[in-house]
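Read the structure below first, then the notes.
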Amino acid sequence: MGSKNLLVALAGQPNCGKSTVFNMLTGARQHVANYPGVTVEKKMGTFSIDGKRVELVDLPGTYSLTSYSMEERVARDFLLGDTPDVVVDVADASNLKRNLYLTLQLMEMDVPTILNLNMMDVAERRGQGIDVRQLEVVLDTPVIPTKAKRGEGGEALKAAIKDLSEHGRKSSFKIEYGALEPYIAELEEVLVKEPVLCVQYPVRWVAIKLLENDAGALELVERTHPEAEQVKTLVESCRARFHEEKDLVAERHIAFTRHAECAKIAREVVTLPTEKKRNLSDKADRYVCSRFFGPIILIGILLILYEISIVFGNWLALQAWPIWGGLERLAGDLLPQAGFLNDPLLRSLGLWVVKSTTAILNYLPIFFLLFTLIAILEDSGYMPRMAFILDRLFRRFGLHGQSTLPMILGGVYVGGCAIPGVMATKAIPDERARLATILIVPMMNCLAKVPLYLILIGAYFADTGGLALFFIATVTLFMALPVAKLLSLTVLKKQPQAPFIMEMPPYHIPTISGVLRRGFERVWLFLKKIVTVVVAVAVVVYVLINYPGLTESREAHFQQMQDASISAFMADVQKTGLKEAVSADDVLPIILFGESLKHAKIGIKDKEKAAQVNAEFQATNPTYYSVVKRVGKDGKKLNRSLKKVIKVRKKVRREARAERFETSFLGVMGRALEPVTQWAGFNWRINIALLSAFAAKENSAATLGAIYGIDGSDQSVQQSMKEGESGFTPLHALALMLFMALYPPCVPASIMVRHEANSTKWMLFSIGYQTFLGLIVASLVFTGGRVLGLTGFQTMWAFYALCVATTLGMAMIPNPEDSINVATSTTNSCTKNCS
């Protein structure tokens with residue numbers, strides 16, 4: 001071998017054990033799952049052969065190398081653009097006929113290929129025998145059997161990689177396409193005249209892909225051939241003449257020929273047992289995938305997933321909150337001390353950023369449980385069954401069976417998050433369905449929307465809270481499905497589709513270590529992608545909601561209130577024996593001393609430990625301690641006076657904050673939007689809360705709390721809102737709940753939409769269409785309810801019936817015809833572990 005590093009690509013169909021082979025060769029940590037397409041992105045690792053460094057790239061699992069899905073395009077682009085020295089094609093030995101379909105396409109691409117027959121132990125257990133030497137002769141390429149799960153065959157595979165990289169021999173195997181061969185030759189004759197194309201790409205492969213009407217091959221010709229239009233015209237001519245001659249489209253003939261070749265090779269080298277026995281997976285699938293029991297089992301599993309991840313996860317989040325609260329207090333201790341009326345900028349901004357971050361961190365227990373349970377579903381083999389069961393329903397709305405998981409993560413009932421939901425769409429191979437799913441996942445009921453729901457239900461639907469929560473939890477699905485269908489029929493109509501190919505892998509028992517590792521890895525990935533964005537967005541929102549600030553006259557007004565309260569306190573001080581120890585400059589430090597003492601005793605239930613904390617603070621400043629803890633006659637008197645000062649401080653800070661919000665950039669926007677939002681029943685205060693929610697949905701409830709002044713009051717936010725908005729009715733609350741349900745994705749989720757859709761255009765479209773839709777729905781409900789004289793509760797269920805009827809009606813509208821429906825039906829028929 002030469003001095004340069006070797007580049008080796010690992011290709012293979014889903015569920016062939018490719019990730020296990022990757023781990024066997026590199027020792028790297030990469031999970032092994034049964035969910036087709038779970039390895040969407042390239043994974044890289046390294047190992048050495050005789051001191052030579054080898055870079056191994058784990059390509060996405062694909063059934064073929066067309067340009068239907070993202071996985072296929074990623075794999076094919078890497079093979080063509082990065083030109084690896086060796087391609088190891090990992091095949092499931094127990095399903096050789098099916099796996100050879102990808103092998104033959106790799107050989108057509110003229111890449112140096114090693115066929116790795118993995119899972120030989122499974123083939124042996126099923127009584128199958130494979131003539132490895134004869135397979136090598138037929139394919140004219142090295143064939144290496146392995147049992148990667150047991151770590152067997154790794155050295156032989158490395159030796160084959162070394163040998164092929166040194167000699168660079170390519171297979172002479174060639175598929176004969178019969179009646180299509182003259183047309184292939186006709187195209188080759190034209191393509192070979194262009195030196196750039198014929199040097200960079202295998203001409204015969206390009207000709208075959210053009211006859212398949214492959215979009216990627218057509219783009220390649222447009223990019224490299226100077227007479228691309230003439231070539232495309234010739235391609236159409238060849239396809240039309242072949243269709244007229246054989247009454248068969250070229251791509252179907254090519255696919256049938258490849259399948260026939262795979263079957264011929266399998267018959268020649270595979271020995272099957274004389275008596276076939278149904279394995280445990282097939283027996284279980286009689287119930288798991290049945291039309292009657294399948295949906296029942298699915299609902300049961302989803303309920304368990306919901307109860308564990310959301311209900312138990314919420315409980316865990318409450319238990320973990322003292323950690324994040326402690327982090328906020330630590331930040332408060334490290335930052336400059338608070339002021340009486342206004343805090344220093346560094347403290348105010350620093351605490352705002354920390355609180356914004358802890359609001360996200362608070363959901364970590366839920367995310368970890370969700371990711372761990374999903375890993376169990378993947379590794380057990382149930383995830384593809386779930387997709388299989390729901391695909392028929394979801395296809396009616398332009399979605400895909402694999403849209404199930406993103407919608408669950410997004411909160412298809414109540415309590416998800418759009419961020420991991422959008423992340424999970426990368427496993428959907430159909431681009432149209434994938435984009436449709438990305439665009440409706442933010443409409444699900446993420447956890448961050450729940451606080452506002454609970455505030456409004458508690459304030460305006462207290463007597464029917466359970467029914468109101470059921471309404472908002474389920475109506476989002478009946479809004480999302482018609483929207484997905486509408487998007488598929490309009491803006492997504494020209495997006496490429498892929499056949500629904502779903503293999504049913506054998507069931508496996510997940511390993512505890514693998515499941516936990518996956519849970520931690522996904523949580524870490526989530527943190528890396530989101531927290532940095534949250535910090536940046538928090539700074540922007542802080543500026544928008546706090547500036548340009550109060551006018552000088554209002555600052556002077558609040559300063560007068562502060563001075564008056566301090567003067568009254570100092571007048572009381574002069575009547576005590578502490579008049580020499582306490583000055584006006586000590587008032588704020590005394591208040592902060594009391595807050596520090598209170599924070600120091602949080603979570604302490606033992607009386608001796610509490611007494612020890614008191615003693616430590618008393619030793620620090622006996623005078624302050626006597627006032628805060630009412631020690632002695634003077635301490636008791638000044639404590640009563642101090643409470644009045646604290647009450648005034650809370651009042652002026654609350655009122656100043658509310659005025660600052662109203663005059664801020666966001667406040668001005670809220671006022672400006674009133675002429676539009678009045679039809680939905682929203683005033684400027686509601687508009688501010690909704691605008692602040694764009695950074696994070698939790699901000700809607702927090703902002704309402706700040707505006708209506710809940711801090712420093714014994715009232716709940718529901719009571720404060722009802723008193724602050726005397727004209728607000730259940731109809732107003734219903735419109736606001738529906739607008740929040742359809743609210744555009746928050747900034748972190750929008751960035752994730754941009755990442756997964758790989759397009760700023762789709763991110764902006766997602767924000768725009770959901771804002772418009774939410775405003776239309778909220779206005780329809782509020783204005784329509786008022787015109788018809790309906791109560792909020794009556795309007796709620798009238799709208800629910802309308803949504804259900806719309807969903808049923810949209811399901812009846814046929815999907816646009818596409819050229820791959822036949823492929824979908826034929827490939828979908830093989831749901832067993834067949835060879």
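The values are calculated or read from the model by the stated rules, or taken from the named source; none is laboratory data. Remember, it's a predicted structure, so these values are computed and weren't measured experimentally. Here the Cβ is made from the backbone with ideal geometry for all residues, glycine too, and neighbour counts use every protein chain on show. Remember, those area values only see protein heavy atoms, side chains included, never the ligands or the DNA or RNA. Shrake-Rupley method; radii C 1.70, N 1.55, O 1.52, S 1.80 Å.
The gain in end-to-end length when the LYS4 to VAL535 segment is fully stretched comes to 186.9 nm, 0.36 nm per residue minus the alpha carbon separation. For segment 552-659, carbon and sulfur atoms together expose 51% of the accessible surface, with a 1.4 angstrom probe and every protein chain in place. Looking at segment 178-271, the accessible area is 50 square angstrom per residue; that uses a 1.4 Å probe and ignores ligands, DNA and RNA.
Given a 1.4 Å probe and every protein chain left where it sits, what share in percent of the accessible area of segment 202-330 is carbon and sulfur? Let's see the in-between values first.
Working: 4650 of 7620 Å².
Using a 1.4 Å probe with all protein chains present, segment 202-330 comes out at 61 percent carbon and sulfur.
Look at the dipole of the chain built from charges on Cβ: of LEU335, THR233, MET812, the Cα furthest out on the positive end belongs to LEU335.
The length gained by stretching the chain between ILE301 and GLN134 to full extension, at 0.36 nm per residue less their Cα-Cα distance, is 55.5 nm.
For segment 6-167, the solvent-accessible area with a 1.4 angstrom probe is 33 square angstrom per residue. Once the dipole of the chain is set up with Lys and Arg at +1 and Asp and Glu at -1 on Cβ about the Cα centre, which of GLN678, LEU272, HIS253 lies farthest towards its positive end? It is GLN678, whose Cα lies furthest towards the positive end.
The largest accessible area among LEU731, LEU808 belongs to the first residue in LEU808, LEU731, and the rest follow in falling order (1.4 Å probe, all chains).
Evaluating 6.51 cos²θ - 1.76 cosθ + 1.60 at θ = phi - 60° for every residue in segment 738-748, the Karplus couplings come out as 5, 5, 5, 4, 9, 4, x, x, 5, 4, x Hz, glycine and proline recorded as x. Taking amide H atoms as placed 1.01 Å from N in the peptide plane, the amide H of GLY12 lies under 5 Å from those of THR62, VAL90, each 5 or more residues away in sequence or on another chain.
Quick one: net charge around ILE299, please, counting Lys, Arg +1 and Asp, Glu -1 for every other residue with C-beta under 15 Å from its C-beta. Present the calculation step by step, with values, prior to reporting the outcome.
On the way: positive: ARG291, ARG385; negative: GLU307.
Value of the local net charge: +1.
Surface composition of segment 6-167: carbon and sulfur make up 47 percent of the accessible area, probe 1.4 Å.
Give the dimensionless ratio obtained when the Cα radius of gyration of segment 373-444 is divided by 2.2 N^0.38 Å.
Numbers: Rg = 11.2 Å, N = 72, 2.2 N^0.38 = 11.2 Å.
Compared with the compact-globule rule of thumb, segment 373-444 sits at 1.00.
The string of couplings for segment 460-466 from the Karplus curve (6.51, -1.76, 1.60, θ = phi - 60°) is 10, 10, 4, 6, 10, x, x Hz, one whole number per residue in order, with x for Gly and Pro. For the chain, the 222 nm mean residue ellipticity estimated from helices alone, with every DSSP H stretch of n ≥ 4 adding -39500 (n - 2.57) and the total spread over all residues, rounds to -20500 deg cm²/dmol. Taking θ as phi - 60° and the Karplus parameters 6.51, -1.76 and 1.60, the scalar couplings of segment 431-444 work out to 5, 5, 5, 5, 5, 4, 5, 4, 7, 10, 4, x, 7, 6 Hz in sequence order, x denoting glycine and proline.
Given the options SER759, PHE661, PHE394, identify the residue whose Cα lies farthest towards the positive end of the charge dipole of the chain (+1 on Cβ of Lys, Arg; -1 on Cβ of Asp, Glu). Working it through, the farthest residue towards the positive pole turns out to be PHE661.
Under 1.5 on a/c is rounded, so check that first for segment 138-177, then, if it is not, pick prolate when a/b is larger than b/c and oblate when it is not; a ≥ b ≥ c are the square roots of the alpha carbon gyration tensor eigenvalues. Walk me through the intermediate numbers first.
Numbers: a/c = 4.58, a/b = 1.63, b/c = 2.82.
Judged from the Cα gyration tensor, segment 138-177 comes out oblate (a/c at least 1.5, b/c at or above a/b).
The separation of segment 590-650 from segment 73-107, counted between C-alpha centres, amounts to 72 Å.
Of interest is the spacing of the C-alpha centroids, which for segment 535-569 and segment 750-812 amounts to 38 Å. Amide hydrogen proximity for CYS417: with H placed 1.01 Å from N in the peptide plane, the residues at 5 or more positions away or on another chain lying under 5 Å are GLY410, GLY411, LEU447. Taking 0.36 nm per residue of sequence separation and removing the Cα-Cα distance, the LYS644/PHE292 pair yields an extension gain of 119.9 nm. For segment 574-688, what is the accessible area per residue in Å², given a 1.4 Å probe and the full set of protein chains? Counting only protein heavy atoms, the per-residue value for segment 574-688 is 58 Å².
Equivalent ellipsoid of segment 6-167: semi-axes from √(5λ) of the C-alpha gyration tensor, largest first, are 20, 18, 17 Å. Within the set [x] 46.0, 169; [y] 28.0, 90; [z] 33.1, 112, the number that Rg and Dmax of the Cα atoms in Å takes when calculated for this structure is listed as [z].
Using the Kirkwood radius over C-alpha pairs as Rh, can you work out the diffusion coefficient of segment 75-165 via Stokes-Einstein at 25 °C, viscosity 0.890 mPa s, in µm² per second? Please list the in-between numbers first.
Details: Rh = 13.6 Å.
D, rounded to a whole number, is 181 µm²/s.
When +1 charges are put on Lys and Arg Cβ atoms and -1 charges on Asp and Glu Cβ atoms, the dipole computed for the chain relative to its Cα centre reaches about 3060 debye.
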